[in-house]
1. Taking only the stretch 10-24 into account, find how many residues are of a type in the set (A, V, I, L, M, F, W, C), open to solvent by less than 70 Å² (accessible area, probe 1.4 Å) and under 26 Å from the mean Cα position of the chain (by Cα).
2. Select, from Arg145, Arg140, Arg212, Arg149, the only residue that is part of a loop (DSSP other than H, G, I, E, B), over 30 Å from Asn291 (Cβ atoms) and among the charged types (D, E, K, R).
3. Might you let me know whether the stretch 26-36 holds any residue that is open to solvent by less than 10 Å² (accessible area, probe 1.4 Å) and either of a type outside the set (Ser, Thr, Tyr) or more than 30 Å from Glu135 (Cα to Cα) (or both)?
4. Six or more apart or on different chains, Cβ under 8 Å: which pairs go from a residue in the stretch 158-173 that's over 14 Å from Phe127 (Cβ atoms) and of a type in the set (S, T, N, Q) to one that's open to solvent by 10 Å² or more (accessible area, probe 1.4 Å) and part of a loop (DSSP other than H, G, I, E, B)? Could you list them?
5. Can you name the residue in the stretch 150-159 that is open to solvent by 20 Å² or more (accessible area, probe 1.4 Å) and aliphatic (A, V, I, L, M) and is also farthest from Ile113 (Cα to Cα) among such residues?
6. Residue by residue through the stretch 353-368, note down the ones that are open to solvent by less than 20 Å² (accessible area, probe 1.4 Å) and part of a strand (DSSP E or B).
7. (1) surrounded by fewer than 24 Cβ atoms within 10 Å (Cβ to Cβ); (2) within 16 Å of the chain's Cα centre (by Cα); (3) within 21 Å of Ala320 (Cα to Cα): which one isn't true of Val73, the others all being true?
8. Which of the following residues is open to solvent by less than 10 Å² (accessible area, probe 1.4 Å), out of contact with any Pro (no Cβ under 6 Å at 6 or more places or on another chain) and in a loop (DSSP other than H, G, I, E, B): Ala294, Ala262, Ala329?
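The values are calculated or read from the model by the stated rules, or taken from the named source; none is laboratory data. Values in this document were obtained by computation on a predicted structure and should not be read as measured data. Reconstructed Cβ throughout: ideal geometry from the backbone, glycine too, with neighbour counts over all protein chains shown. These area figures cover heavy atoms from the full protein model, side chains too; ligands, DNA and RNA do not enter into them. Shrake-Rupley method; radii C 1.70, N 1.55, O 1.52, S 1.80 Å.
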Amino acid sequence: MADLILRGGRIVDPANARDEVADIAFSGGKVAAVGVDLGRDGAEIVDVRGLIVAPGLIDLHTHVYWGGTSLGVDAGEVARNSGTTTFVDAGSSGPGNFHGFRRHVIEPSPLRILPFLNVSFPGIFAFSPSVMVGEAADLRLIDPRECVRVINANRDLIVGVKVRVGRNAGGASGVAPLDIALEVAEEVGLPVMAHLDNPPPSRLEVLSRLRRGDILTHCFRPFPNAPVQPDGLVREEVQEARRRGVVFDIGHGSGSFGFRTAERMLEAGFLPDAISSPDAISSDVHTLSINGPAYDQLVTMGKFLALGLDLAAVIGASSAAPAAALGRADLGRLSVGAVGDASVLELIEREVEYRDVLGEIRRGRQQLAARGLVIGGHWWHPR
């Protein structure tokens, strides 16, 4: 007996190569059936004709430690506009404050929050318009044993180790925080997500260290440390990292996505979709990006529609691809028996203007809007 049936939507499920109008039923928190004219059997029925039913969207780079860090936003409020059912928190908390993140934000949330633990003890503790202090600038704040201890005590939640390097986040510490994060990750058997802002270190120093399954976020950033050369060719260290199995994550944010970089990367075959790679589209939503230029996951996806990717590609890069990067075969797909998460979206045909972090504009003809979520098999509608 089903608990919920979504009736008559266009199911776009790239992981299963499905794009068709059908019903989908949920029971016991899981996907129970996909088909035409599924029986009612006392289930709640939601008419989604004319709308898209996608696997629950996974935003691989967010900051949702609301109230505990200066950059945190409220996942529940963001979800209403972004259609996101799983928020991957990219290192907002470190070993010193993860317990508060878990108890006060993650456990009470109806949404799934999967955290990367910041290698720095206090996490991202000073990130605001008026105060900006990189948590990796002082190596005294990095204790690998504390990282391992907290990860081992929270194996049910923590999905990896986050480190931010570059002049803004790491000051004069160079590539040392990444080396420590990699040692921690190797000890606990989890991936690293590496942020890189302005040099030093260089992209070559960072990419040459990353292993198969590690994640380079902000991968389409503009100059400096851009992945493309002035002539538009993709740098050799970037191509080599991808051949080695490094995952590339968009991580738009307030300073890390440029249209010119994206266009050159797409021309070179760096397509963030679930078919060619586990590379992911993500928003890096936080207090300095939520009101632009990133806004949320759907706006970020819309920018890739404007750049020429098709609907299935952007949905796959926001569902199956991040699920693969996390090693979660139960997420990011609408297979029978998978986790019962779905995003109900409307594809609006209209002229829309998109901006990158440099203020450059691209115009598109399609916009995605959230019209409801299914979380754990239950309907959760935006206000």
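1. The number of residues fulfilling the criteria is 4.
2. Just one listed residue meets the conditions, Arg212.
3. Within the stretch 26-36, one or more residues are open to solvent by less than 10 Å² (accessible area, probe 1.4 Å) and either of a type outside the set (Ser, Thr, Tyr) or more than 30 Å from Glu135 (Cα to Cα) (or both).
4. Ser173/Ala137; Ser173/Asp138
5. For the stretch 150-159, the residue satisfying everything is Ala153.
6. Tyr354, Gly364, Leu368
7. Failing condition for Val73: (3).
8. Ala294
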